[in-house]
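Working notes, structure below.
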Amino acid sequence: MKKSELLNRIATKLDMKRKDVERTIDAFIEALCGGLKAEQKVNVAGLGIFSVRDRKARTARNPKTGETVQVPAKKVIKFRVSKDMKNQVLG
């Protein structure tokens, strides 16, 4: 599902203007990114927990050439789905 489809579904369900829904979702994404930049955990009830974690440096192998490559340490965004959402989607 693309963002435009999501906006249309929400606007229809809530009987709101698509423009207002888009501003709301954009504000949500901006707030989420702001919290993650500050390396805070962002817990959205019913959806899950977003967090930033450190990934250690490691040695990997290029599957095409078989050559070993050093992968540097970096920060990654992790998402852990909530039990409610897991139950709704997976039954």
Exercise for review: Examine segment 32-45 for a residue that is β-branched (Val, Ile, Thr), more than 16 Å from LYS78 (Cα to Cα) and free of Cβ contacts under 8 Å to residues at least 40 places away in the same chain, and state whether such a residue exists.
Suggested key: no
Point to revise | Residues that are under 30 Å from CYS33 (Cα atoms) and not β-branched (Val, Ile, Thr), drawn from segment 46-63 | key: GLY46, LEU47, GLY48, PHE50, SER51, ARG53, ASP54, ARG55, LYS56, ALA57, ARG58, ALA60
Revision key, fill the gap. Cβ pairs under 7 Å, 6+ apart or interchain, first in segment 58-69 and among the hydrophobic types (A, V, I, L, M, F, W, C), second in a loop (DSSP other than H, G, I, E, B), ordered by first then second residue, are VAL69/ASN62
Review point. Quick one: in segment 30-60, which of the residues that are surrounded by 10 or more Cβ atoms within 10 Å (Cβ to Cβ) and β-branched (Val, Ile, Thr) is farthest from MET85 (Cα to Cα)?
Key: VAL52
Practice item. Please indicate, with yes or no, whether at least one residue in segment 61-76 is surrounded by 10 or more Cβ atoms within 10 Å (Cβ to Cβ), touching a Gly at 6+ places or on another chain (Cβ under 9 Å) and modelled with pLDDT of 95 or more. Key: no
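The values are calculated or read from the model by the stated rules, or taken from the named source; none is laboratory data. These figures come from a predicted structure and were not determined experimentally. We place every Cβ from the backbone using ideal geometry, glycine too, and count neighbours over all the protein chains shown.
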